[in-house]
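What follows is a short report on a single structure.
The values are calculated or read from the model by the stated rules, or taken from the named source; none is laboratory data. Here the structure is a predicted model, which is why all the values come from computation and not from measurement. Cβ atoms come from the backbone with ideal geometry, glycine included; neighbour counts cover every protein chain shown. Just the protein is used for accessible areas: all its heavy atoms, side chains included, with ligands, DNA and RNA removed. Shrake-Rupley method; radii C 1.70, N 1.55, O 1.52, S 1.80 Å.
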Amino acid sequence: MRAIVRTVSELCITVGALIVLFVAYVLFWTGVKADGLMSDQIDRLQQQWSQGGVHEPAGPGAAAGPAAPAPYRSGKAFAIMYIPRFGFTWNKPVLEGTGTDVLKKGLGHYARTAQLGGRGNFSVAGHRRTYGDPFKDFPELRPGDAVVLTDGTTWFTYRIDKGPYRTVPTDVEVIDPVPRMSGYTRPGRYLTLTTCEPEWGHSHRLIVWAHLDSTEPVEAGKPEALRR
Amino acid sequence: MYGWIWRHLPGNAWVRALIALVLVLALVYVLFQYVFPWAEPLLPFNDVTVDNQ
C-alpha cells in the first residue's frame with residue numbers, strides 16, 4: 001500500500017516538473033532560439049547584400065519597375081522588415097513561405113502573394129507569441145504607421161491604412177490582391193500583415209493593411225520613417 | 001520509483017548523486033532537443049496564417 005502511494009506521488013511530482021519545464025521551453029527557450037536564428041538570417045542577408053549578391057539581378061541601368069523578378073526561394077530570407085511602432089531596434093527577417101519551420105526563423109511571406117513592392121498584395125505572417133514574439137505589439141499598430149522593408153537594393157515604405165482588423169482563420173480573402181474588407185477598391189501595391197488573436201489562442205486572426213507609400217534606393221540612406 | 005533508481009546506482013552516496021545529476025541533465029536535454037519541439041506545434045501558438053499552410 002505504502003509503495004503504491006509513494007509511486008503515485010512520485011509520478012505526480014514528475015508530471016508537474018515536466019509541465020514546468022515545458023512552459024519554460026515555450027515561454028523562454030523558443031524565444032532564445034528564435035532570436036539567435038533571426039539575427040543569423042539578418043546577418044546573412046546583410047553579408048550577401050554587401051557582397052553585391054542581391055536577390056534581383058537587375059543592373060543599375062535596369063528600367064524602373066523590373067520585369068518579372070526571380071521568384072523567392074522557399075524557406076530563404078529575402079528582406080528585412082522594420083516597424084518603428086514596435087521600437088527602433090525592431091527588425092525581423094522575412095522568409096519565403098509560411099510553414100511552421102519557416103516561422104521559427106522570422107516572418108513568413110505567403111508564397112502565392114505579390115513580391116515586395118510589386119503589384120498586388122505582399123502578405124506576411126508572424127508569431128504573436130513564442131519564437132521571439134515578433135508581432136507581440138500587433139494591436140498597437142494604427143493607420144498612418146510605417147512598415148519599412150528592404151531587399152538590399154530598395155527601401156519600401158508602406159503606410160498602414162486599416163487595422164488591426166479581427167477575422168477568422170479561414171478568411172483567406174484578406175490576402176487577396178485587392179483584400180476584402182480593407183477598403184481598397186482598385187488594384188494597387190498593398191501589404192498585409194497577419195498574426196494570431198487572442199494573444200495565446202488561435203480562434204481568430206489580426207490583420208493590418210498598408211499601401212506602398214514610397215520607394216528609395218538604399219544608396220539614398222534610410223527612409224524618413226526610420227530616421228529618429 | 002526514485003528509491004528504486006537510487007538503490008540501483010553504483011558507488012557511494014556522492015557518486016550516486018553525481019550520476020543522478022547527469023541523468024537529470026541528460027533527460028532535460030532530450031526533452032528540450034527532441035520532445036518539446038515535437039509537442040509544441042500541437043499547441044495553438046503556431047497558427048498565425050489565414051490559409052493554414
Taking every other residue with Cβ under 11 Å from the Cβ of A:Pro143 and scoring Lys and Arg +1, Asp and Glu -1, one gets +1
In deg cm²/dmol and to the nearest 500, what is the mean residue ellipticity at 222 nm of chain A if only DSSP H runs of at least 4 residues count, each as -39500 (n - 2.57), divided by the residue total?
-7000 deg cm²/dmol
Output the 0 to 90 degree angle, nearest 10, between the alpha-carbon long axis of helix A:2-24 and the longest principal axis computed from the alpha carbons of chain A.
10
Scattering curve values for region A:95-228, log₁₀ I(q)/I(0), Debye with Cα scatterers, q = 0.12 Å⁻¹:
-0.44
The protein assembly as shown: Rg to Rh, with Rh as the Kirkwood radius over Cα pairs
1.12
Residue among A:Ile4, A:Gln51, A:Tyr184 farthest towards the positive dipole end of chain A, charges placed on Cβ:
A:Ile4
Projected onto the charge dipole of the protein assembly as shown (unit charges on the beta-carbon of Lys, Arg, Asp and Glu, signs +1, +1, -1, -1), the Cα from A:Val124, B:Val48, B:Tyr34 with the largest positive-side position is that of B:Tyr34
Leading residue at positive end of dipole, chain A (Cβ point charges), from A:Gly221, A:Val174, A:Leu21:
A:Leu21
Quick one: 3J(HN,Hα) in Hz for region A:170-187, Karplus 6.51/-1.76/1.60 with θ = phi - 60°, rounded, Gly and Pro as x.
8, 7, 6, 5, 5, 10, 5, x, 10, x, 5, 6, 7, x, 6, 10, 10, x
From the backbone phi of region A:116-130, what are the Karplus-calculated ³J(HN,Hα) couplings (6.51 cos²θ - 1.76 cosθ + 1.60, θ = phi - 60°) in whole Hz, Gly and Pro given as x?
4, x, x, 5, x, 10, 7, 10, 9, 10, x, 5, 8, 10, 6
Could you grab the Rg to Rh ratio for region B:2-43? Cα atoms only, Kirkwood for Rh.
1.20
The answer for the protein assembly as shown, accessible area per residue at 1.4 Å probe in Å², is 54
Net charge dipole size for the protein assembly as shown [Lys, Arg +1 and Asp, Glu -1 on Cβ; Debye, nearest 20]:
560
Gain in length, A:Ala111 to A:Leu27, computed as 0.36 nm per residue apart minus the alpha-carbon separation, to one decimal in nm?
27.4 nm
Total accessible area lost when A and B pair, probe 1.4 Å, Å² to nearest 100:
2500
Quick one: accessible surface of B:Tyr29, probe radius 1.4 Å, all protein chains present, in square angstrom to the nearest 10.
130
Tell me the angle of helix A:30-50 to the major Cα principal axis of chain A, expressed in degrees between 0 and 90 and rounded to the nearest ten.
20
Restraint check, A:Lys136/A:Lys222; A:Lys105/A:Lys136; A:Lys105/A:Lys162; A:Lys76/A:Lys136; A:Lys105/A:Lys222; A:Lys104/A:Lys222, Cα-Cα greater than 20 Å
A:Lys136/A:Lys222; A:Lys105/A:Lys162; A:Lys76/A:Lys136; A:Lys105/A:Lys222; A:Lys104/A:Lys222
When the accessible area of region B:2-43 is split by element with a 1.4 Å probe, what percent falls to carbon and sulfur?
79
Helix-only estimate, please: 222 nm mean residue ellipticity of chain B, summing -39500 (n - 2.57) across DSSP H runs of length 4 or more and dividing by its residues, to the nearest 500.
-16000 deg cm²/dmol
